[in-house]
1. Of the residues in segment 159-187, how many are basic (Lys, Arg) and crowded, with 16+ Cβ neighbours inside 10 Å?
2. If residue 110 meets every condition in (1) over 24 Å from residue 142 (Cα atoms); (2) assigned to a strand (DSSP E or B) apart from one, which number is that one?
3. For the subset of segment 92-135 comprising residues that are surrounded by fewer than 16 Cβ atoms within 10 Å (Cβ to Cβ) and of a type in the set (S, T, N, Q), which member is modelled with the lowest pLDDT?
4. Considering only residues that are charged (D, E, K, R) and buried (at least 16 other Cβ atoms within 10 Å of the Cβ), look in segment 359-388 and name the one that is nearest to residue 206 (Cα to Cα).
5. What number goes with the only condition from (1) at pLDDT below 85; (2) surrounded by fewer than 19 Cβ atoms within 10 Å (Cβ to Cβ); (3) under 18 Å from residue 201 (Cβ atoms) that residue 82 does not pass?
6. Which ones in segment 60-104 are assigned to a helix (DSSP H, G or I) and of a type in the set (Ser, Thr, Tyr)?
7. Only residues that are under 30 Å from residue 126 (Cα atoms) and small (Gly, Ala, Ser): list them for segment 229-246, please.
8. Would you mention how many residues in segment 343-382 are in contact with a Pro (Cβ under 7 Å, 6 or more places away or on another chain) and of a type in the set (A, V, I, L, M, F, W, C)?
Amino acid sequence: MSSFLCGARHDTLARFTANCYNRFMAKKRDSLPLHQQVYRSLERDIYAARWRPGERMPSEAELVRDFGVSRITVARALRDLQSAGLVDRRAGSGTYVSTRLAARDGLSFGLLIPDLGDTEIFEAICQGMMASPLAREHALLWGPAAVAEEAREASAWALCRQYVERSVDGVFFAPLEFTPQKDEANRRIARSLDEAGIPIVLLDRPVAPYPDRGLHDLVGINNRQAGYVITEHLVSAGARRIAFVGMRHTAATVDARESGYREALYHAGLPVVAGLMRRLDPASTTEVRALMEAERPDGIVCANDRTAGRLMHTLLDLGYTVPDEVRIVGIDDLDYAKLLPVSLTTFRQPTREIGAAALAAMLDRVAQRERATRDILLHGELVVRRSCGASMLED
């Protein structure tokens, strides 16, 4: 393949550089980390077919110059594009637009996400799937909107059977949570799809609790690392008696985050106290008061932003001040995290990129049914706001 810089390509590079720079400077005001800004700019260019499938993209050095960022930032953006299946990186040769983008045979994939419309991360993950250039020739089938928690197991099973009867080419499955029989319901769904020969890619969480890994590809973040990083930050902010709070009947991701919480306390030389690890209703003044009066935590790691938001309101209603009396942190960085009464420090999930990576994983699984099962874990970001008490600017 000819060099990107030679012949007729010179004008293309000039236009690319100017357009890229203008778009990038316009997004400087965004709160996204720089590597995600670079990722999205290059993603748009790939989607717009600026480079054809199999064509070499600009080198890292050229992208560093064009975007005005560090080589580490560019390299991370390219790694995320590779995880999403949009590019192939060849040692000693460069980065190329994935030839999978040239596939013309349209497939249909089912979305089996019982919490869609209720658990906010899944809407952004689905948007990432649909925005991926890999989605152009394929169809995503949606189930019904979120139903009452007591009906979710039956609704998820009915949707599973519809996908089996329709013989879809694959199913993106975010296993149930918040129901007492969720583990058996999730296993039943996975078993039905397996028996029908329909590939599954799991979103965010495994089918069953640890250590049952299961047989399906999973795309998400390293939840143990997320729990560790957010707890370590609370320790660095001055908290010493730190609680971990999650809701009942939650997904296995919460257990992994609690594991990271315990590990961070151990490495900091702080005691791991059983009474400080609670599964409760964060909107219950009775349960929250009992925790505060019995254990007197000065910091609380919440399993997710949803828990943190409800807990914060309850603590404020009980007369506690945040962060003066108790520091609070969450995980996910949902849209409302910065709009809470005290803006929330949290660990951001790259939800859009998770969606793109999940679609790439599904296409790989459809093409290679016998390949080894994979966990595809994307990097998250610590986002510091007022709730942890750290004296840093809000993003």
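The values are calculated or read from the model by the stated rules, or taken from the named source; none is laboratory data. Every value quoted in this text rests on a predicted model; they were computed, and no experiment measured them. Cβ sites come from the backbone with ideal geometry, for glycine too, and all protein chains shown count toward neighbours.
1. So in segment 159-187, the residues basic (Lys, Arg) come out as 161, 166, 182, 187.
Among the residues that remain, those that are also crowded, with 16+ Cβ neighbours inside 10 Å are: 182.
Qualifying residue count, segment 159-187: 1.
2. With respect to (1) over 24 Å from residue 142 (Cα atoms); (2) assigned to a strand (DSSP E or B), residue 110 is out only on (1).
3. The residue in question is 99.
4. Among those that are charged (D, E, K, R) and buried (at least 16 other Cβ atoms within 10 Å of the Cβ), it is 365.
5. (1)
6. The answer is 73, 83, 99.
7. Once the filter is applied, which keeps residues that are under 30 Å from residue 126 (Cα atoms) and small (Gly, Ala, Ser), segment 229-246 yields only 246.
8. The number of residues fulfilling the criteria is 3.
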